[in-house]
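Some notes on the structure that comes next.
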């Protein structure tokens, strides 16, 4: 190669552009990203050739979630497998919409639409499954309530992180860690800056476990598939609800500790 020439992008570089999990240390540890990466990259290229862009993929994901929720609520036990398929289509669409946006070019509503679809997964999956099971007398009121209120806990958990993200730029948070922040503050900021050099393997393990247990690209799809196909869909509702509610309560405690130690200030 002559001086001044730019080295052509390798297949790995192109793969990272379409599905940049290796550049995100923690995202690359999420189960669905690990299992589906060999499928997702060629699928993105195929869909792009067919004229599908990121927005259309997001709309397909939204339709999948809505259709799955409808079947979970009104279809009865015999429709649960079909509802599962709809949700899996929605999850796959979520995995490819970002890569399609990078390949075909972003649109003015692409990011917003992707976030809407992600929110629909949170607010539809567990409640629709819990409602359907309750209407078919497969679960009691306790499981029904766990499934219905779990999304609120999840969204409250995210709001706790957004509260810091919107109030403090990344540079300020990094400076806080550089100055030796520890305890609750370090844990909270670690949800936003997980690659900071001050984090130990314990912090990294904790974040990896959280993302795999709580997020749609973690173990949730695998747990959902196993429980529905085995005829124990209520187990997913209990798992999902307990994880989300526990995380929410844990972050309430974390915020209280930060407020107390900060004299009424979060950071």
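The values are calculated or read from the model by the stated rules, or taken from the named source; none is laboratory data. Computed from a predicted structure; not experimentally measured. Here the Cβ positions follow ideal geometry from the backbone for every residue, glycine too, while neighbour counts run over all protein chains shown.
Is it fair to say residue 40 is over 23 Å from residue 136 (Cα atoms) and in a helix (DSSP H, G or I)?
Details: over 23 Å from residue 136 (Cα atoms): yes; in a helix (DSSP H, G or I): yes.
Here the answer is yes, as residue 40 does meet what is asked.
When you go through 243, 223 one by one, which is the residue that is over 14 Å from the mean Cα position of the chain (by Cα) and modelled with pLDDT of 90 or more? Quick ask: steps written out before the conclusion?
Numbers: 243 fails: over 14 Å from the mean Cα position of the chain (by Cα).
The unique qualifying residue is 223.
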Criterion violated by residue 59 - all others in (1) modelled with pLDDT of 90 or more; (2) out of contact with any helix residue (DSSP H, G or I) (no Cβ under 6 Å at 6 or more places or on another chain); (3) within 28 Å of residue 231 (Cβ to Cβ) satisfied: (3)
Lone unmet requirement of (1) modelled with pLDDT under 90; (2) more than 15 Å from residue 53 (Cα to Cα); (3) in contact with a helix residue (DSSP H, G or I) (Cβ under 7 Å, 6 or more places away or on another chain) for residue 143: (1)
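Checking the structure you have, find out if any residue of the stretch 109-117 is in contact (Cβ under 8 Å) with a residue 40 or more places away in the chain, in a helix (DSSP H, G or I) and within 27 Å of residue 146 (Cβ to Cβ).
Going residue by residue through the stretch 109-117, those that are in contact (Cβ under 8 Å) with a residue 40 or more places away in the chain are 109-110, 113-114, 116-117.
Now drop any that are not in a helix (DSSP H, G or I), which leaves 110, 113-114, 116-117.
Retained after the next criterion (residues that are within 27 Å of residue 146 (Cβ to Cβ)): 116-117.
Taking every residue of the stretch 109-117 in turn, at least one turns out to be in contact (Cβ under 8 Å) with a residue 40 or more places away in the chain, in a helix (DSSP H, G or I) and within 27 Å of residue 146 (Cβ to Cβ).
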Subset of the stretch 166-196 [assigned to a helix (DSSP H, G or I), without any contact (Cβ under 8 Å) to a residue 40 or more places away in the chain and surrounded by fewer than 14 Cβ atoms within 10 Å (Cβ to Cβ)]: 166, 170, 171, 172, 175, 178
Some residue of the stretch 130-138 being in contact with a helix residue (DSSP H, G or I) (Cβ under 9 Å, 6 or more places away or on another chain) and more than 21 Å from residue 80 (Cα to Cα): no
